[in-house]
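In what follows, a single structure is set out as structure tokens and then discussed.
The values are calculated or read from the model by the stated rules, or taken from the named source; none is laboratory data. These numbers come from a predicted model, not from an experiment. Neighbour counts are summed over all protein chains in view; Cβ atoms, including those assigned to glycine, are modelled from backbone coordinates with ideal geometry. Calculation scope for accessible area: heavy atoms of the full protein, side chains included, ligands and nucleic acids excluded. Shrake-Rupley method; radii C 1.70, N 1.55, O 1.52, S 1.80 Å.
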Amino acid sequence: MTFGEQPAYLRVAGDLRKKIVDGSLPPHTRLPSQARIREEYGVSDTVALEARKVLMAEGLVEGRSGSGTYVRERPVPRRVVRSGYRPAGGATPFRQEQADGEARGTWESSSRQAEASGAVAERLSIRPGDRVMCTKYVFRDAGEAMMLSTSWEPLAVTGRTPVMLPEEGPLGGMGVVERMAAIDVVVDNVTEEVGARPGLAEELISLGGVPGHVVIVVQRTYYASGRPVETADVVIPADRYRVAYHLPVK
């Protein structure tokens, strides 16, 4: 192999990928067999097998027991909006959208006290082992899980206050900014870092993905006078959604 030349299995996978994308191999079509790939591309069984593995890892094809490997349905990506806009009612943008009678979105959540891990402690500027309120969310669209979120709030800030449980009490379900304001904590900044990684097994089970699928991870942290008061990981399936930002112009 000369310098810069792709390995054979990547070249085969690339050609098959092109056929899937341009529709030559439409959804639910059986992928050429290993023997057919070997014959058509003049490669070994090992190369043919590795090419198929690449396509499976990319989520383009799926194996069906006793039947073969088939092209997966490719969903049209929908948008998840991240917005700097704060609705007058105080609810988060997702919740405000679901107030529309025609909206199909629902969510569920559960909260529990926990000890901050090293990573969470660093994000909240607290010590590992300090107590936090951990809240897990599943957001659904027409019953289909579309987004997961796990948030952590230091109990040194919210403990023994009416907003200690994010989804309960007089301000249950309101945004972080409004809840914190109720206990005289003024949130004045928020940061979001967007990255991608292979989904964890438990995430993909919840989101209906397959092993190897990539998820978008939004790491969000709210600050009050430089002090972190909430941090969260928002996990979105990358094959079905795109993250869109609407930012206010000052």
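What residue, among those in region 27-55 that are touching a strand residue (DSSP E or B) at 6+ places or on another chain (Cβ under 7 Å) and open to solvent by 50 Å² or more (accessible area, probe 1.4 Å), is nearest to residue 197 (Cα to Cα)?
27
Return yes when residue 96 is among the polar types (S, T, N, Q), outside the structural domain of residue 22 (by the TED database) and at pLDDT below 95 and no when it is not.
Yes.
Show the residue pairs that are 6+ apart or on different chains and have beta-carbon atoms under 8 Å apart, the first residue being within region 159-178 and closer than 16 Å to residue 221 by Cα, the second being hydroxyl-bearing (Ser, Thr, Tyr).
Between residues of region 159-178 that are closer than 16 Å to residue 221 by Cα and residues that are hydroxyl-bearing (Ser, Thr, Tyr), the close pairs are 166/109; 166/111; 166/135; 166/151; 175/92; 176/222; 177/222.
Residues 71, 54, 81: which one is closer than 30 Å to residue 232 by Cα, under 24 Å from the mean Cα position of the chain (by Cα) and modelled with pLDDT of 75 or more?
81 is the lone residue from the list that is closer than 30 Å to residue 232 by Cα, under 24 Å from the mean Cα position of the chain (by Cα) and modelled with pLDDT of 75 or more.
Name the pairs whose Cβ atoms lie under 9 Å apart, with the first residue in region 191-213 and open to solvent by less than 60 Å² (accessible area, probe 1.4 Å), the second in a strand (DSSP E or B) and aromatic (Phe, Trp, Tyr), and 6 or more positions between them or separate chains?
191/222; 191/223
Yes or no: residue 62 in contact with a helix residue (DSSP H, G or I) (Cβ under 8 Å, 6 or more places away or on another chain), at pLDDT 80 or above and open to solvent by 60 Å² or more (accessible area, probe 1.4 Å)?
For residue 62, the condition - in contact with a helix residue (DSSP H, G or I) (Cβ under 8 Å, 6 or more places away or on another chain), at pLDDT 80 or above and open to solvent by 60 Å² or more (accessible area, probe 1.4 Å) - is met.
Just checking, how many residues over region 132-165 are open to solvent by less than 50 Å² (accessible area, probe 1.4 Å) and acidic (Asp, Glu)?
Selection size over region 132-165: 2.
When you check residue 230 against the structure, is it of a type outside the set (Gly, Ala, Ser), closer than 30 Å to residue 61 by Cβ and in contact (Cβ under 8 Å) with a residue 24 or more places away in the chain, yes or no?
Considered against the rule, which asks whether it is of a type outside the set (Gly, Ala, Ser), closer than 30 Å to residue 61 by Cβ and in contact (Cβ under 8 Å) with a residue 24 or more places away in the chain, residue 230 comes out as no.
Wholly within region 132-250, which strands (runs of 3 or more DSSP E) include no fewer than the required count, namely at least 2 residues that are among the aromatic types (Phe, Trp, Tyr)?
Because the criterion is at least 2 residues that are among the aromatic types (Phe, Trp, Tyr), the strands (runs of 3 or more DSSP E) in region 132-250 that meet it are 214-224, 241-246.
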